[in-house]
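K.L.:
Questions regarding the structure given below will be posed in turn.
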Amino acid sequence: MGTLVVYFSFDGNTKFIAEKIAETINADIIELKSSKKYPTEGFSKYFWGGKSVIFGEKPKLINDSIDFNRYETVFIGTPVWAGSYTPPIKSFIRQYKLQGKRIALFACHGGNGAEKCFAKLKAALPGNKFIGEMAFLEPKKNSEESSNKAVKWADGLRTI
Ligand SMILES: Cc1cc2nc3c(=O)[nH]c(=O)nc-3n(C[C@H](O)[C@H](O)[C@H](O)COP(=O)(O)O)c2cc1C
């Protein structure tokens, strides 16, 4: 049975880590795309992004439907927004209602909130087995270190 890396990324950090993981373990990879466009600059980016988390928004995903029968292990990646996971990940969780999967969580953040984000993700994904979680601090600013960390982590999960 296969492994899928599924993620949302707004500024490319989570994408960077997701690609490293998929490359390391030879997994399929899907970037979630939302129909909702958030402001990309300055204060309004944080304001609208944060507000969408707090209001529990579930923007429509424009990806093709994913066949989870093919996957036993799923890596789920998100940036931390307002101490939680991002709205497209919320949409993904609601749409697919994963059950009986081996799940590894990863999150990119700017300094805090990853632990809370993982706790909320686990609570939102009952009925699955969590095999690992890893936080990455602004990976694009620490690309070599983050890349090594992602490779080592993903490699180590093969045996779990
Ligand atoms: C709307 C918004 C809210 C954020 N909230 C947090 C936060 O609560 N804690 C934190 O450490 N970083 C926060 N960040 C920073 C991002 O988590 C961080 O820059 C991450 O690396 C971005 O990943 P991406 O490039 O894949 O989008 C926030 C960023 C945005 C845009």
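K.L.:
Under the condition of being among the polar types (S, T, N, Q) and without any contact (Cβ under 8 Å) to a residue 24 or more places away in the chain, which residue from region 120-160 is nearest to the ligand (Cβ to nearest atom)?
P.N.:
The first filter runs over region 120-160 and keeps only residues among the polar types (S, T, N, Q), leaving 128, 142-143, 146-148, 159.
Narrowing further to those that are without any contact (Cβ under 8 Å) to a residue 24 or more places away in the chain: 142, 148, 159.
Working: Asn142: 11, Asn148: 17, Thr159: 28 Å.
Ranking the qualifying residues of region 120-160, first place goes to Asn142.
K.L.:
Also: Cβ-Cβ below 6 Å, separation at least six or inter-chain, first residue in region 40-65 and in contact (Cβ under 8 Å) with a residue 12 or more places away in the chain and within 17 Å of Lys97 (Cα to Cα), second in a loop (DSSP other than H, G, I, E, B) and among the polar types (S, T, N, Q): which pairs?
P.N.:
Within 6 Å, the pairs are Pro59/Ser35; Lys60/Ser35.
K.L.:
Follow-up question, since we're still on this one. Kindly provide the set of residues from region 144-158 that are at pLDDT 95 or above and exposed (fewer than 15 other Cβ atoms within 10 Å of the Cβ), ordered by number.
P.N.:
Scanning region 144-158 gives Glu144, Glu145, Asn148, Lys152, Asp155, Gly156.
K.L.:
While we're here: Do we have Val6 as buried (at least 17 other Cβ atoms within 10 Å of the Cβ), in a strand (DSSP E or B), modelled with pLDDT of 95 or more and among the β-branched types (Val, Ile, Thr) here?
P.N.:
Numbers: buried (at least 17 other Cβ atoms within 10 Å of the Cβ): yes; in a strand (DSSP E or B): yes; modelled with pLDDT of 95 or more: yes; among the β-branched types (Val, Ile, Thr): yes.
The answer is yes for Val6.
K.L.:
It is to be established whether one or more residues within region 93-106 are in contact (Cβ under 8 Å) with a residue 60 or more places away in the chain, closer than 18 Å to Lys15 by Cα and in contact with a Lys or Arg (Cβ under 9 Å, 6 or more places away or on another chain).
P.N.:
Kept after step one, since they are in contact (Cβ under 8 Å) with a residue 60 or more places away in the chain, are these residues of region 93-106: 106.
Next, only the ones that are closer than 18 Å to Lys15 by Cα stay: 106.
Filter once more, keeping what is in contact with a Lys or Arg (Cβ under 9 Å, 6 or more places away or on another chain): none.
No, the conditions are met nowhere in region 93-106.
K.L.:
Another question, then. Of the residues Ser84, Ser65, only one is modelled with pLDDT of 95 or more, closer than 19 Å to Leu4 by Cβ and of a type in the set (Gly, Ala, Ser); which?
P.N.:
Going through Ser84, Ser65 in turn, just one is modelled with pLDDT of 95 or more, closer than 19 Å to Leu4 by Cβ and of a type in the set (Gly, Ala, Ser): Ser65.
K.L.:
In addition: Could you list, in sequence order, the residues of region 82-98 that are within 16 Å of the ligand (Cβ to nearest atom) and of a type in the set (A, V, I, L, M)?
P.N.:
Within region 82-98, Ala82, Ile89 qualify.
K.L.:
If you don't mind, another one. If we scan region 12-30, do we find a residue that is within 11 Å of the ligand (Cβ to nearest atom), among the β-branched types (Val, Ile, Thr) and part of a helix (DSSP H, G or I)?
P.N.:
Narrowing region 12-30 to residues within 11 Å of the ligand (Cβ to nearest atom): 12-18.
Within this subset, residues satisfying the condition of being among the β-branched types (Val, Ile, Thr) are 14, 17.
Within this subset, residues satisfying the condition of being part of a helix (DSSP H, G or I) are 14, 17.
Checking region 12-30: at least one residue is within 11 Å of the ligand (Cβ to nearest atom), among the β-branched types (Val, Ile, Thr) and part of a helix (DSSP H, G or I).
K.L.:
Would you mind stating whether Gly42 is surrounded by fewer than 21 Cβ atoms within 10 Å (Cβ to Cβ) and in contact with a strand residue (DSSP E or B) (Cβ under 7 Å, 6 or more places away or on another chain)?
P.N.:
Working: surrounded by fewer than 21 Cβ atoms within 10 Å (Cβ to Cβ): yes; in contact with a strand residue (DSSP E or B) (Cβ under 7 Å, 6 or more places away or on another chain): no.
No.
K.L.:
Those residues that are within 12 Å of the ligand (Cβ to nearest atom) and either buried (at least 18 other Cβ atoms within 10 Å of the Cβ) or not charged (D, E, K, R) (or both), I need them from region 100-119; list them, please.
P.N.:
Phe106, Ala107, Cys108, His109, Gly110, Gly111, Asn112, Gly113, Ala114, Cys117
K.L.:
What is the residue count in region 37-81 for residues that are within 10 Å of the ligand (Cβ to nearest atom) and under 15 Å from the mean Cα position of the chain (by Cα)?
P.N.:
The number of residues fulfilling the criteria is 6.
The values are calculated or read from the model by the stated rules, or taken from the named source; none is laboratory data. The structure displayed is predicted, hence computed values, not measured ones. Cβ coordinates were reconstructed from backbone atoms using ideal geometry, including for glycine residues, and neighbour counts include every protein chain displayed.
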